[in-house]
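Here is the structure we will look at, set down as structure tokens.
FYI, it's all coordinate maths here, none of it is from the lab. Please read all numbers here as calculations on a predicted model, not as lab measurements. Cβ atoms come from the backbone with ideal geometry, glycine included; neighbour counts cover every protein chain shown.
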Amino acid sequence: MIDAPTLVFTAHCQVRYIERFLDAQAVADARRRHKHDALILEALADEFQADLKHFRHVVQVAYFHLLHKAGEFVEGSAFRIKLGPLAVCVDGNVCKTTVDTYYPPRRPHSPDEDPMEEPLPDSLEQDAA
């Protein structure tokens, strides 16, 4: 059995959770008033305290479960834990950010679908063939 450390949740991770899964408008309003995630979290803490406590508990349980299954293999490594529609990025025992797993991919277009690519005139395409 591994002695798993308790996860430390960054302010960024918790603000992202509120923004992506609870109330994006509340975070946008807080961002207008505050510059750093720690101050934003402080401003939103009262309203979302119960939701954040539940979020931290669920992630902590998943983290303990992963360490129990994988053992020392993942200790000290950066990895993601997928929890349904969200994933958390963990580095050591720090939960750094929250990712919405249902966001559309932001990969560049393949050359065939490149919107910046101009089609060749028909005469040049025939010459190339």
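Given the range 8-104, what percent of its DSSP beta bridges are antiparallel, to the nearest 5? All intermediate terms of the calculation are to be shown ahead of the outcome.
Numbers: 12 of 14 bridges.
Counting only bridges with both partners in the range 8-104, antiparallel ones make up about 85 percent.
Straight-line reach from Lys35: which lysines have Cα under 24 Å away, leaving out those fewer than 8 places along the same chain?
Excluding near neighbours in sequence, the set is Lys53, Lys96.
Just to be sure I understand the model, the point goes 7 Å from the Cα along the line to the Cβ. What's the resulting His54 to Leu22 distance in nm?
1.0
Using the beta-carbon distance between Lys69 and Ala11 and R0 = 35 Å, what value does 1/(1 + (r/R0)^6) give for FRET efficiency, to the nearest 0.05?
Working from the Cβ atoms, E equals 0.75.
For a distance above 21 Å, tell me the whole-number percent of Cα pairs in the range 8-104 that qualify.
Summing the P(r) tail past 21 Å for the range 8-104 gives 34 percent.
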